[in-house]
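Presented below is the structure to which this report refers.
The values are calculated or read from the model by the stated rules, or taken from the named source; none is laboratory data. Given the structure is predicted, the values throughout are model-derived calculations rather than measurements. Cβ coordinates were reconstructed from backbone atoms using ideal geometry, including for glycine residues, and neighbour counts include every protein chain displayed. Just so you know, the surface numbers come from the protein's heavy atoms only, side chains and all, with ligands and any DNA or RNA stripped out. Shrake-Rupley method; radii C 1.70, N 1.55, O 1.52, S 1.80 Å.
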Amino acid sequence: MNAITAPTFEWLQLAPILTVLLAACIGIGIEAALPRRWRFVSQVLLFELAIGVAFVLLVMSWLSPKDNLGLMAMDSISLDGPSYLMWGALLVFGLLSMLVFAERDLNDGASSFAASAASVPGSAAETEASLARHEHSEVFPLALFSLTGMMVFVAANDLLTAFVALEVMSLPLYLLSGMARRRRLLSQEAALKYFLLGALSSAFFLFGMALTYGFTGSFDYGRISDAIADPVYGRGLLYTGMAFLAIGLLFKIGAVPFHNWVPDVYVGAPTPVTGFMAICTKLAAVGATVRIFYVGFGGERWAWQPLVAVVAVITMAIGVVVALTQSDMKRLLAYSSISHAGFILVAVVGATAGVTGQMNSFGSILFYLVAYGFATVAAFAIVTMVRNQAGEVHEISGWAGLGRKSPLLAGIFAVLMLSFAGIPLTGGFIGKWAVFSAAWRGGYAWLVLAAVAFSLVAAYVYLRVIVLMFFAEPADGVVVGRASGMTWVPVALGALASAYLGLFPGPLLDLVTSASTFLR
Amino acid sequence: MITLEALAPVAATGMFSYAWLMIATPAVVAAILLLFGSILDRIGHWLAVAAVLFSFSIAACLFAQQLQSAPDARAVAVPMFEWITTGMWHISAGLLVDQLSILFALLVTGVGALIHIYSVGYMAHDERRRRFFAYLNLFIAAMLTLVLADNYLVLFVGWEGVGLASYLLIGFWQHKPSAAAAGTKAFVMNRIGDLGMTMAIMAMLALFGSSAFTAVNAAAPHLEPFWATTIGLLLLLGACGKSAQVPLQAWLLDAMEGPTPVSALIHAATMVTAGVYLVVRSHAIFEMSSAASTAVVVVGCVTLMAGAWIGSSKDDIKKVLAGSTMSQIGYMMLAAGLGPVGYAFAIFHLLTHGFFKANMFLGAGSVMHGMDDDVNMRHYGGLAKVMKVTFWTFAMGYLAIIGVPGFAGYFSKDHIIEAAFEVSTVAGVTALIGAGITAFYMTRLMVMTFLGERRWREKVHPHESPWVMTVPLIILAFFSVVAGALMNNWIQEWLEPATGAHVQETALMPGPIGWATLLVVASGIALAWWIFGTKPVPNVAPASGNPFTVTGRNDLFGDLINDTLVVRPTLAVSRGVVTGDDRIIDAGADGLAGVFSGLSSQARRLQTGQVRAYALTMTIGVVLVGAVLILTQLA
């Protein structure tokens, strides 16, 4: 008779995830228990506290001398350098983008979220809820649930855990996308599209899991790798499974041709949510992709590298070329985000392993994501501040002459654009160098040349915005809203970090290089 | 051709460890001027002038120290900070004050200071003067970063910085749509050049593991010919963009939309010569590849003729000077491509050109100042009598550029022509003919502007400019006369350690080629005088069927070529993609109109299948993924 071993769970090491999850659950409790007027404030305090505590726990666990690395929770979570770094980045960017959720000064004391998301737009119920100044403070626990999913997703050590995490991360996002206060139909439509296409991509992911299981007999990344080294069946099954998994992941990354949802959802979703998705979802999706493909399918890299290279090229091409003619700021940032996904994939293709003391692919990807993340969080926060009577101004023509209305804000936005463009002395520049050199050393010189060419075209997109802000006649009726610290903190931090990472990239480069070895 | 081993620069001590102040001072002042708003409207410009003068005095002190020290201790490395240190990357941001860079620093700060002072008068009535000076200081800081950098990556920072400042200043008069368009054009063309720079630096990092000049110079002799040629051509592409050389020349003429002091500082004396600096600085790489250095010579020859051609057919005084700048930089490129024999001459001509071209641009600005900003030379005439200082200073510049013996341009240009004949007859003849055309169009400019009868518009009352504008003119005119003779024998020896070229004997008396040059120049002057000096100049440019004139007036159809080959295809692709995007994807996001048209129509729209279309795209993606995987397996 086999003894049944009790499941083990490393509470201490997994405490950061648990803190965020616990806070999300408490948040639901707050919605049920507290009177309406206390909810918003307590939710804001709760998420700030929870993410702060989670970050402290993370750092403590990282610095503790023993047991801070290894496979946790019955081998379903892999706690290694990349996990720690991704968790740290997710917590920081989660906090910054959720701060923007809590901004209420811009909108006459209301948040950017619908007063009553379930009411039919334009109906009496909606008017009633607006007049009563109702708010959906559920957005905070929803975002925390999503953040939990992201943290598990990047650290998952088997496909099953990864899939559950993927769903935990995605479902709250579908809801959040549909909750815009203004332009509600657009928002609801975006949410529905996101959900349907997300479901389709999940189906691909699931099917890929099944096929991979058929080939390897296991969901565990390490065992998948072993099975690839010592195959029992023909490789057709493996390749099909790998391709389907890749499709599911590339969808979340927002790579072409799985990018269709990105512009619509970014435009339709409430702008703070767009900021959250643009960085946190991308971080999580890229992190999980790199882990699955390096750890699980590393032995088959010759098969998937050309595939990712092709996707990277068309992603950069579509992202950059289409961004050239955009007239809507959020849509421009959406296509910009697509093109950045392409640049990140360039480094994924490089797949240079961690030779001691050298910048490897994961390190360069993470640096790129952090530089991109700070710029993105701040950029979307600024989008919420440029307003007219009807709310945020998304038409780029409305941004004309912003430099004269608010030199500070326009100057900050210009710094962010320069970082997106990869101009020297910004974080974006070092990030581009890092990912390009990773791909170069991986033997993909042609891909680097293509990427350099696209990045130069892309610079035109961003400089067009700068020129418009500073050299065009100011647009009528557009003002810079008076925002509270909830918006200004992410804006200021984003701009400072973009400049700091360009001037002194050393510390972060060292960090991402030293802690970029995956466990299996 | 023997080249010396490059000497390792010595560590910085004393005065040299403060070299960074040269860059920091104007940068800080620029930031102050931009940030502290209108408080500084009254004195901001003098603050900017003081910053540049301070940088100049540091440069002068360093130069004096270098003169005193032994030749092998003149190159000084000033480490600043470790920029990137990770794994195989050790890129430190540092300065290199050597014989080459100090000359540039002196030119940039010296001519820069004069142009700053001049601008105090020129921009006196502009309400955004403080901002203008902030940009000028920004430019000085970036340009000094470019020339004082000790590695290609830091150089690239300055390279982008001068581009940014240039872009801001070309479009400074933003109320003019043409100015904004010109700024954009300069930016785009420079991007193409930057593509070359970026890839060259990438290749250097990949091959040498470093981008420091010392490391690259040390490793270059062991470079494979293929890589030497590749890097050389990429660097040349970068140089073409920045220095407005064919085929990336078209932006420079439009850049004249900026205020005239900007044209003098950035688009004549300093920034546009950065390409020449780059080629000379990278001499170790170009010496390893005859293909790359031949390409430099060809680019130089083509540009010097193209610029002269444009200069001969324009009526806009600034555009004539712009064409002439292109042409003179062509001479420098040609010299730089000739190999060790030409490096010193390229830099020599660069310096003298910096003086006389800045002088003439500022002179043109002074003329425009008096003529209510009219730039058409057909509306000038007879200005010599009313603007005496401007006329005489301009005349010094004129005599210098056409190469009258004794004046600055004579020495430097003559050396280039002689060196060109030594290496290739074709290059020599081109340079010789170019000198004749230069004499032709410059004489035309002089005659149409300062001599002949008065063709002024009504209500225009030309007057001499205030002293802040004329004093810089006088100083620059002085150097236009003496700079050549001062540096003639000295500069080769001085630059020897930095360029690795041995000193060539230069005769004071013209040789046979020198006499031929003088003859060609004289005929150019005579021809121009015969056409423009002896007959009245029509008020409107005569319609001309002459293909040479038509081509010249249209900037050699540079815009048309760029438009057809680059701009239209790119836009067409972008619009095509967007149309596809809109038709399949965008229907729901048409904005507020959709929101007001009610839920039912939205729902209907939703059901008519956009999501289906998205899913279709994804399915196509699946097919693509499968195809790539299968093809990879087959390959």
Study note, to complete from the structure: Taking A:ILE382, A:ILE30 and ranking on accessible area (1.4 Å, protein atoms only), highest first, one gets A:ILE30, A:ILE382
Review point. Can you give the charge dipole size of the protein assembly as shown about its Cα centre, rounded to the nearest 20 debye, using +1 on the beta carbon of Lys and Arg and -1 on the beta carbon of Asp and Glu?
Key: 2020 debye
Study note, to complete from the structure: Counting sequence-distant residues (5 or more places) and residues on other chains, those with an amide H built under 5 Å from that of A:ILE77 are A:MET72, A:ASN157
Point to revise | Net +/- balance of residues flanking B:GLY514 in space, Cβ distance below 9 Å, scoring K and R +1, D and E -1 | key: -2
Practice item. Within a 10 angstrom radius of each residue's Cβ in A:114-122, how many Cβ atoms of other chains show up on average? Whole number is fine. Key: 1
Exercise for review: Arrange the residues A:PHE207, B:PHE407 by how much accessible surface each exposes, largest first, with a 1.4 angstrom probe.
Suggested key: A:PHE207, B:PHE407
Check your understanding: Once amide H atoms are built 1.01 Å from N in the peptide plane, which residues 5 or more positions from B:ASN151, or in another chain, come under 5 Å H to H?
Key -> B:GLY94, B:PHE213
Study note, to complete from the structure: Filtered pair list for the range A:15-514 (Lys only, Cα < 17 Å, 8 or more apart or interchain) has a length of 4
Revision key, fill the gap. Only helices counted: for the protein assembly as shown, with every DSSP H run of 4 or more residues adding -39500 (n - 2.57) and the sum spread over all residues, [θ] at 222 nm is -22500 deg cm²/dmol
Review point. So what does log10 I(q)/I(0) come out to for the protein assembly as shown at q = 0.10 Å⁻¹, using the Debye formula with one equal point on every Cα and no solvent?
Key: -1.23
Review point. Hey, any idea what % of the range A:471-520's accessible area is carbon plus sulfur with a 1.4 Å probe?
Key: 68 percent
Study note, to complete from the structure: Highest mean packing first, using Cβ neighbours within 10 angstrom, the peptides B:151-157, B:63-69, A:482-488, A:214-220 sort as B:151-157, A:214-220, A:482-488, B:63-69
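Let me know the mean shielding of B:611-617 by other chains, meaning the per-residue number of their Cβ atoms within 10 Å of its Cβ.
Partner-chain Cβ atoms within 10 Å, mean over residues of B:611-617: 5.
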Check your understanding: With charges set only on the Cβ (+1 for Lys and Arg, -1 for Asp and Glu), what does the dipole of chain B come to about its Cα centre, in debye to the nearest 20?
Key -> 1660 debye
Review point. Of B:TYR380, B:VAL299, B:LEU53, which is farthest on the positive side of the dipole of chain B, counting Cα position, with +1 on Lys and Arg Cβ, -1 on Asp and Glu Cβ, and the Cα centre as origin?
Key: B:TYR380
Exercise for review: With only Lys, Arg, Asp and Glu charged, each at its Cβ (+1 for the first two, -1 for the last two), find how big the charge dipole of the range A:15-514 is about the Cα centre; round to the nearest 20 debye.
Suggested key: 660 debye
**Study point:** chain B - percent relative contact order, Cα under 8 Å, separation 6 or more
**Key:** 12 percent
Check your understanding: Looking at B:GLN245, B:LEU451, B:LEU486, which one has the Cα that reaches farthest to the positive end of the dipole of chain B (charges on Cβ: Lys, Arg +1; Asp, Glu -1)?
Key -> B:LEU451
Exercise for review: For each pair in B:LYS185/B:LYS535; B:LYS314/B:LYS385; B:LYS385/B:LYS413, compute the distance between the two Cα atoms and list the pairs where it is over 27 Å.
Suggested key: B:LYS185/B:LYS535; B:LYS385/B:LYS413
Revision key, fill the gap. Judged on accessible area alone, 1.4 Å probe, highest first, B:ILE231, B:ILE39 line up as B:ILE39, B:ILE231
Practice item. Putting +1 on Lys and Arg Cβ atoms and -1 on Asp and Glu Cβ atoms, find which of A:VAL120, A:VAL467, A:ALA199 reaches farthest to the positive end of the dipole of the range A:15-514. Key: A:VAL467
Check your understanding: In square angstrom, what is the accessible area per residue of the range B:208-283 with a 1.4 angstrom probe?
Key -> 21 Å²
Exercise for review: Note down the relative contact order for chain A as a percent, whole number, built from C-alpha pairs under 8 angstrom at least six residues apart.
Suggested key: 16 percent
Practice item. Give the carbon-plus-sulfur fraction of the accessible surface of the range B:294-381 in %, rounded to a whole number; probe 1.4 Å, heavy atoms of protein chains only. Key: 63 percent
Practice item. State the volume of the convex hull built on the alpha-carbon positions of the range A:15-514, expressed per residue in Å³ and rounded to an integer. Key: 132 Å³
Check your understanding: Quick one: how many Å² of B:LYS185 are accessible to a 1.4 Å probe, rounded to 10?
Key -> 40 Å²
Practice item. Place the peptides B:519-531, A:258-270, A:445-457, B:110-122 in order of packing, highest mean first, counting for every residue the other Cβ atoms within 10 Å and averaging per peptide. Key: A:258-270, B:110-122, A:445-457, B:519-531
Check your understanding: What does the accessible area per residue of chain A come to in Å², with a 1.4 Å probe and no ligands, DNA or RNA counted?
Key -> 32 Å²
Point to revise | For A:ARG181, solvent-accessible area (1.4 Å; no DNA, RNA or ligand), Å² | key: 60 Å²
Practice item. Would you check the accessible area of B:LYS176, probe 1.4 Å, heavy atoms only, in square angstrom rounded to 10? Key: 70 Å²
Review point. Taking the highest mean first, how do the peptides A:10-18, A:360-368, A:227-235, A:498-506 order by number of other beta carbon atoms within 10 angstrom per residue?
Key: A:360-368, A:498-506, A:10-18, A:227-235
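Could you tell me the total accessible area buried at the B-A interface, probe 1.4 Å, in square angstrom to the nearest hundred?
Values: alone 26590 and 19770 Å², together 40430 Å².
Separately minus together, B and A give about 5900 Å² buried.
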Check your understanding: Over all residues in A:257-268, what is the mean tally of Cβ atoms on other chains that come within 10 Å of each residue's Cβ?
Key -> 5
